[in-house]
Amino acid sequence: MKSELNLSLGVRYAVVLHGPEVIDTGLAKKVMDLLSDEGEVEAVMSGYTGVVAIVDAGLEEVVDISRMRKPSMELSRLNATNDILLLVNCAKNRDSAVSFGRIVYSRCKDEVTKPLLQVDDGIVVDWNGRDRRMAVHLALEMGLELLDVGADASSAEVHDQARRVHGVIPGENVWIDGVVIGKATSSEVWLRKGPDGLLSADGIQLKETGVNRLGRFDLQKAHVRSGLTRRTKAVARAICSKKEGVYLVDHSAEDAIYRCRDASLVVTVGDDTSKIAGNLLYRFNVPIVAITDGDEDGISLEELKTKGSVVIRVRAGTDDIVGREVRQEIFHGGTRMDGRASPLRVANQVMRIAGDRLEWHKISR
C-alpha cells in the first residue's frame with residue numbers, strides 16, 4: 001500500500017547511518033533514495049566498520065565519513081540545520097533495535113527539537129512524536145511496521161549502577177569501547193562497575209586481560225557491542241590515501257580508520273586489533289606491521305591486508321610487552337612519526353626488539 005501523503009519539496013533530511021549492515025543490506029540506499037525524491041538529504045556514517053562498508057559500496061562521495069561520530073551527538077548537531085532527523089540501523093533483532101534507538105534518543109532528547117524517526121529491523125519508530133505523518137509515510141512506502149514504543153520512549157537502558165545489553169546470543173564475544181571483555185554465557189547480560197571502578201558483569205565469562213585493558217570506563221557512555229564487527233559481506237574495495245606519517249595503534253582498532261587512513265604505514269599491537277585494523281586500512285591502501293601473539297578472539301571474519309604488510313608473531317602473552325618497547329624505541333614514547341617508512345624496514349626493527357620472543361613473520365604478497 002502506498003502512502004498518499006504529499007510532502008512539500010525543499011524539506012531537509014538528516015540521515016545518521018549506523019553500522020556496516022545498513023549499507024550491505026541496501027537499507028540505507030533505499031531510505032536515502034526515497035527521501036531524495038522528496039527533499040534534500042544530508043547523510044553521515046556513525047561507526048568505524050560502517051566506514052568500510054561505505055568504501056566497499058562506493059558511497060564515500062554521498063555519505064560523510066570524514067570523522068568519528070556518535071549517533072546521539074550527530075543528531076544533536078544536525079538538528080539545527082535540518083527539518084527531519086532519521087537514525088537508520090540494521091540490528092540483529094527487534095529487541096536490539098529498540099534498545100539501540102532508546103539509548104541514542106535518551107542521550108540527545110534534550111537537544112533534538114525536530115522529528116526523530118528510526119528505521120531498523122523491519123520497523124519505523126517515532127521517538128519524539130513530532131511528525132506522526134512522516135512516520136506513517138515512511139512505514140507505508142517501505143513496507144515496514146510502525147512500532148509504538150509508548151511512554152517508554154524517553155527512558156534510558158542505562159542506569160547509574162547497571163546497564164543491560166540487549167540482543168546478545170550466548171557464546172558471542174562482548175566488547176566495550178573496542179576491547180573484548182569476555183564471552184556471553186546468557187542472553188541476559190548486565191554490566192556493572194565494581195568498587196574499584198573496573199568492570200563486573202552477569203551473563204558473561206569475563207576475560208581478565210580484556211577487563212584490565214579496558215580499565216576504568218564510563219558505564220553510561222561506553223560503546224557496547226556483541227558478536228562480529230560485520231555480520232554481512234560485500235566485495236572489498238580500496239581507494240587512494242595521502243601516505244603521510246607512520247602511526248602506532250595499540251589495542252584500539254577504531255583509531256586506524258579515522259586517525260591513520262592517510263598514513264604511509266601503521267604498526268598494530270594485538271591479534272584482533274591487527275586483524276581489524278588490517279581490514280580497515282586495506283580500504284585506504286595502507287600497509288601494516290602487525291605484532292601478534294596468537295590470542296585472537298575472533299570478532300572479525302574478514303582478513304585483508306594491503307600488499308607489503310608484515311605479520312610478526314611473538315611468544316604467547318608478550319605482544320603487549322613488545323608493543324610497549326616498540327612505542328619507546330621506535331616512536332619515542334608517542335604514537336606517530338613524520339615522514340614515510342617501508343613495512344619491511346620497520347618490521348626488521350620490531351623483530352630486533354622482540355629478540356628471542358620472536359616466533360615467525362609473514363609478508364603479504
| query | For segment 265-358, rounded, prolate or oblate, judged on the Cα gyration tensor with a ≥ b ≥ c (square roots of eigenvalues), a/c < 1.5 rounded, else prolate if a/b > b/c? | reply | oblate
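Among residues other than S342 whose Cβ falls under 13 Å from its Cβ, what is the net charge (Lys/Arg +1, Asp/Glu -1)?
+4
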| message | I'd like the antiparallel share, as a percent to the nearest 5, of DSSP beta bridges with both residues in the chain. | response | 45 percent
| task | At 0.36 nm per residue, minus the direct Cα-Cα distance, what do H223 and M73 gain on full extension? Give it in nm, one decimal, please. | result | 52.7 nm
| note | For T185, the residues 5 or more places away or on another chain with a placed amide H closer than 5 Å to its own amide H are G171, I204, Q205
| query | Percent antiparallel among DSSP beta bridges with both residues in segment 234-365, to the nearest 5? | reply | 35 percent
| note | Longest principal axis of the chain (C-alpha) makes with the long axis of helix 94-108 (C-alpha) an angle, in degrees to the nearest 10, of 90 degrees
| said: Going Cα to Cα from K242, which lysines come in below 25 Å? Please leave out same-chain ones fewer than 8 positions away. | reply: K275, K305, K307
| task | For helix 27-36, report the angle its Cα long axis makes with the longest principal axis of the Cα atoms of the chain; keep it between 0 and 90° and round to the nearest 10°. | result | 50 degrees
| task | Describe numerically, in nm with one decimal, the distance between label points set 7 Å from Cα along Cα→Cβ at E359 and at E40. | result | 5.6 nm
| task | Calculate for the chain the 222 nm mean residue ellipticity that helices alone would give, adding -39,500 (n - 2.57) per DSSP H run of length 4 or more and normalising by residue count, nearest 500 deg cm²/dmol. | result | -8500 deg cm²/dmol
| query | Which of these, D293, D24, D338, has the largest mean-square fluctuation under a Gaussian network model of the chain (Cα springs below 10 Å)? | reply | D338
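Throughout, read-outs are computed from the coordinates displayed, never taken from laboratory work. A quick note: this is a predicted structure, and the numbers were derived from the prediction, not measured. Every residue, glycine as well, gets a Cβ built from its backbone with ideal geometry; the counts of neighbours run over all protein chains shown.
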